[in-house]
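Participant: Input: one structure, supplied below.
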Amino acid sequence: MKNSYKRFNYRVKRVRRKIKGTGDRPRLSVYRGHKHIYAQIINDIKGVTIVSASTLSPEFKIKLNTSNTVYAAEHVGNLIAKKAIKKGIRKIVFDRRGYTYTGKIKTLADAVRKHGLEF
């Protein structure tokens, strides 16, 4: 357990070294927990979260009952993309943390792209 935690943290730090969210291109950070999926768009220069969405959001609760599926990740991606477009954000930098780009992470990213955000 300790070694897998260290490897994951190393991957998180490696990804974050390369990615910075600016005012022009904020960072879309994704966290995948055991039960829920969280996404937020962050301006790293100001240290402010601009938009956030998760499976715990009130808008999400109306649509689905399950929160830890690929289908739920797609809805979270749709939700955060709609909120970002309302705020005037069109270009972002995708921060997948230490997660591999498959499954829920890929589905969320594809849903965000489908709504017109560029990374």
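Here, each number is a calculation from the coordinates, and none is a lab measurement. Please read these numbers as outputs of a predicted model, since none were measured by experiment. Ideal geometry is used to build each Cβ from the backbone, glycine not excepted, and the neighbour counts take in all protein chains shown.
Participant: Pick from 14, 97, 27 the residue whose mean-square fluctuation is largest in a GNM of the chain, springs joining Cα atoms under 10 Å.
Facilitator: 14
Participant: Compute the Cα gyration tensor for the chain, then decide on rounded, prolate or oblate, letting a ≥ b ≥ c be the square roots of its eigenvalues: rounded whenever a/c is under 1.5, prolate when a/b is larger than b/c in the other cases, and oblate in all that remain. Could you put the intermediate results ahead of the total?
Facilitator: Numbers: a/c = 1.82, a/b = 1.08, b/c = 1.69.
Oblate.
Participant: Relative contact order (percent) for the range 2-114, with alpha-carbon contacts under 8 angstrom and 6 or more residues of separation? Please report the intermediate quantities before stating the final value.
Facilitator: Details: 177 pairs, mean separation 34.2, N = 113.
Taking the mean separation of contacting Cα pairs over the length of the range 2-114, I get 30 percent.
Participant: Can you give me the span-like helices of the chain, meaning DSSP H runs with 15 Å or more of Cα extent along the axis and Kyte-Doolittle mean at or above -0.5? Numbers along the way, then the final one.
Facilitator: On the way: long enough: 2-18 (25 Å, -2.19); 70-87 (26 Å, 0.05); 103-114 (16 Å, -0.39).
Those that pass (Cα extent of 15 Å or more, hydropathy at least -0.5) are 70-87, 103-114.
Participant: When the chain is treated as a GNM, springs tying every alpha-carbon pair under 10 Å, which of 35, 83, 18 comes out with the largest mean-square fluctuation?
Facilitator: In the Gaussian network model the winner is 18.
Participant: Here's another thing I want to ask about it. Rounding to the nearest 20 debye, state how big the charge dipole of the range 1-98 is about its Cα centre with +1 on each Lys and Arg Cβ and -1 on each Asp and Glu Cβ.
Facilitator: On the way: 25 positive and 5 negative charges, 112 e Å.
For this selection, approximately 540 debye.
Participant: Can you compute 3J(HN,Hα) from phi for each residue in the range 31-43, using the Karplus curve 6.51 cos²θ - 1.76 cosθ + 1.60 with θ = phi - 60°, rounded to whole Hz and x for Gly and Pro?
Facilitator: Coupling constants for the range 31-43: 10, 10, x, 6, 10, 9, 10, 10, 9, 8, 9, 10, 9 Hz.
Participant: Could you pull out the pairs from 46/104; 13/87; 61/83; 6/46; 87/114; 35/91 whose alpha carbons sit more than 22 Å apart here?
Facilitator: Values: 46/104 29 Å; 13/87 29 Å; 61/83 16 Å; 6/46 29 Å; 87/114 17 Å; 35/91 29 Å.
46/104; 13/87; 6/46; 35/91, as the Cα separations exceed 22 Å there.
Participant: Nearest 5 is fine: what % of DSSP beta bridges in the chain come out antiparallel, could you say?
Facilitator: Here the share of antiparallel DSSP bridges comes out near 75 percent.
Participant: Along the Cα-to-C-beta direction of residue 90, a point sits 7 Å from the Cα; which residues of the range 97-119 have their amide N less than 15 Å from that point?
Facilitator: Answer for the range 97-119: 115-119.
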